[in-house]
Amino acid sequence: MVAKRRMEPADLYRLTNVSDPQISPDGELIAYVQTTIDPESKESSSSIWIARTAGGTPVPFTSGKKDRAPRWSPDGNWLCFSSARDGAPQLYLISRHGGEAQALTELKYGAGGAHWAPDSKRIAFSSDVDRKAERSVLLKKADEADKKAAEKKAKDEARVFTKMEWRADSAGILEERESQIWVVDLPKPGATTKPTPMQITWGEFEHGGPAWSPDGKQIAFYAKRDADEREWYSDVWVTSVPETEDEAAFQPVKLTASNGSFYGATYSPDGKTLAIIGHYNEYANATQATIYLTTPAGGALRKLDTADLALGNTVGADVRTGATGAEVTWAPDGSAIYVPVSERGACVIYKIATDGSAPTLFLGGEREIQGATFDKAQQKLAFIAGEMTNPADLYFYDVKKGEEFRLTGVNEAILSELELPEIIELNFKARDGWDLHGWLVKPVGFKAGEKYPLVLDIHGGPHTCFGHAFFQEFQLFAANGYATLFINPRGSTSYGQKFVDAVRGDYGNRDYTDLMDAVDHAISLGFVDEKRLGVTGGSYGGFMTNWIVGQTDRFAAAVSHRSIANWLSFSGTPDFGPVFNIKQHLVEDPWSAEGVQQLLKISPISYVKNITTPIALFQSEFDFRCPIEQAEQFYMALKFYGKAPTQLVRHPRSNHDLTRLGPPVLRVDRFEKQLAWFKQYCPPNAE
């Protein structure tokens, strides 16, 4: 037998991810996205694969390296997908039986994901519109001349902005244009030209989430159609689908009252009812969404009983290319709605009855279920599932038999080589009696009776959660001799509304003591060396790392990722403006004397002179969510006081998503530098 080895940072290059499963209407085929990392270029590559529910070896279905978002036509004859194989993402069409994929759109700003009309003859999608541009320009794919013109303009002309959100983390600096909904016909047999896409929404507002009515005459969508940029809300609208493009004919009907966040509208099978996901901002941006029913003509919203469930997938992972929001699926008879739910660190599927009765668990398990889709008869379900010891695989569930089958084993080869650690579940009490939940990863090669260093890892959000998903970071800590503690302090999702809201207006207080209580609990288990404690985290977890080392010297080393150090400057520098501070810290006016005092009181930079813990600050140069100026401020203050060893680590060509979706070579570099820092100041046991 070949001896197993420990995981290394470069193992990231060998990990394969599967995502976005789409089962064909007849239940025979499952299209999904498979993402790998090219061993030479070290860049990610994604293509569409096909698996059969009857079993057998899955096969690649497209040849592109940037293919994603497959969607079956309702008649099952066609697969539409998005591909950036030739510049901006465009929609492509391929027969169920294979062959060469044909471009369906050639728009200057590309095309978003496909939403099929019920008749399988039309597709709705999103594309940006620059209202200053000629129509002919929008309908022409950007070419080399366009690229050169844009480069020259960027070099020689200042940009002018008039919107509060003038940049976005994943998109970068935003142009003055908006996303609109379009419809395109499928080419007729034998046609030599492509149909011209037709814009169906208008106005200088963002529009998204198109959903067709069963008769194909209407499309529901969500948008915030007013100029007030200070509020976070969105409405659901319905518009008729015109025969020809006509801005004057766009007279949408608003179904919600601009008093909450509503989205994800889906028509019932008979077309008489719309299911809408959302909430009335009762707890600001910590409010758990629920499901409401209304009619396409408008009227009162009827709230369904979703108990205290957290709709959608909020479970974090660092080796994942796809996840799900709170997308809903109607039962064929309209009696129920299926929706993913985050529950105690897992993502499962619940069945929500439309008659108002209590929800029931449909498909569960200690795992993270992603992107479940039914066949037309709802007798078969395709889904992706990941666990703490496996990033993800494709599964098929036979509803009638109540049996599930794994259809892929994409990481079996590399996982079989590795010695993976033992992970134990923790249930314990906070000092004020609240129930807390988390996990402790033992070091690889653990020996009873020995003491080991421990790293406390803190998730972002704060309204997300750790749970039953694969983290290479945890595996690497274990492989290098560290125990790893990860819990869900108050503020985390998947434990109910009271728990998720408990951190608002209380940052650095009970969330901090929850984490310290978790460390104390881990130490009480007998194998943690309390003299060798490390702490790390990203985003909110980065803020908390900065906060912790300013409040206590119990940690031997810290690594803070994409963090916040100064909530006062954070009012003006993130891509979403001051709204986060207003909603999360309950500051009415962040620039008033009272607001300034309140924000500085909970800012780690206010306590930097207390810090003696060696701390490294990791930040991405194009992070517009937690801008790099946050780390730069903190680094300069640490150097000024000179009490703690510190370093500033700047990763190029990366944004807030570096740790999850960033360039693979930079993710490996981050792992290596993080481990080196901990080994220097919080060394593992001698091997």
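For segment 501-526 versus segment 283-355, the inter-centroid distance based on Cα atoms is 29 Å.
Rolling a 1.4 Å probe over the protein heavy atoms of segment 518-632, with every protein chain left in place, gives an accessible area that is 52 percent carbon and sulfur. By the helix-only formula, in which each DSSP H run with n ≥ 4 contributes -39500 (n - 2.57) and the sum is divided by residues, the chain has a 222 nm mean residue ellipticity of -5000 deg cm²/dmol. For segment 403-480, the share of accessible area belonging to carbon and sulfur comes to 47 percent (1.4 Å probe, ligands and nucleic acids excluded).
Compute the separation of the alpha-carbon centres of segment 87-137 and segment 404-463 and state it in Å as a whole number. Taking the Cα centre of each part, segment 87-137 and segment 404-463 sit 43 Å apart. Cross-linked pairs K108/K152; K451/K531; K132/K153; K108/K254; K188/K376: Cα-Cα separations exceed 21 Å for K108/K254; K188/K376.
Put simply, segment 480-543 fits an ellipsoid with semi-axes of 24, 13, 11 Å; these come from the alpha carbon gyration tensor as the roots of five times its eigenvalues, largest first. Of the solvent-accessible surface of segment 81-162, computed with a 1.4 Å probe over protein heavy atoms with every protein chain present, carbon and sulfur atoms account for 50 percent. Of all the Cα-Cα pairs you can form in the chain, what percent are over 47 Å apart? I get 16 percent for the Cα pairs in the chain exceeding 47 Å. The alpha-carbon of K447 sits under 18 angstrom from the alpha-carbons of these lysines, leaving out residues fewer than 8 places away in its chain: K4. Projected over every direction and averaged, the convex hull enclosing the alpha-carbon atoms of segment 466-594 yields 9.2 nm².
Here, segment 195-239 yields an orientationally averaged convex hull projection of 3.9 nm² when only Cα atoms define the hull. A 1.4 Å probe run over the protein chains yields, for the chain, 42 Å² of accessible area per residue, whole-number rounding.
Of all lysines in the structure, the ones whose alpha carbon falls short of 25 Å from that of K583, not counting any fewer than 8 places away in one chain, are K163, K224, K303, K498, K601.
Let me know the shape class of segment 137-221, please: from the alpha-carbon gyration tensor, a ≥ b ≥ c as square roots of the eigenvalues, rounded when a/c is under 1.5, otherwise prolate if a/b is greater than b/c, or oblate. Verdict is oblate for segment 137-221. Straight distance only, please: which aspartates and glutamates reach the Cα of K121 with their own Cα at less than 19 Å, same-chain residues fewer than 8 apart left out? Within the straight-line limit of under 19 Å, K121 reaches these aspartates and glutamates: D26, D75, E106, D185, D215, E243, E245.
A convex hull fitted to the Cα coordinates of segment 274-385 yields 125 cubic angstrom per residue. Spherically averaged projected area of the convex hull of Cα atoms, segment 419-476: 5.3 nm². In degrees from 0 to 90, rounded to the nearest 10, what is the angle of the helix 629-641 Cα long axis to the longest principal axis of the chain? It is inclined by approximately 10 degrees.
The values are calculated or read from the model by the stated rules, or taken from the named source; none is laboratory data. Every value quoted in this text rests on a predicted model; they were computed, and no experiment measured them. Heavy atoms of the whole protein, side chains included, go into the accessibility calculation; ligands, DNA and RNA do not. Shrake-Rupley method; radii C 1.70, N 1.55, O 1.52, S 1.80 Å.
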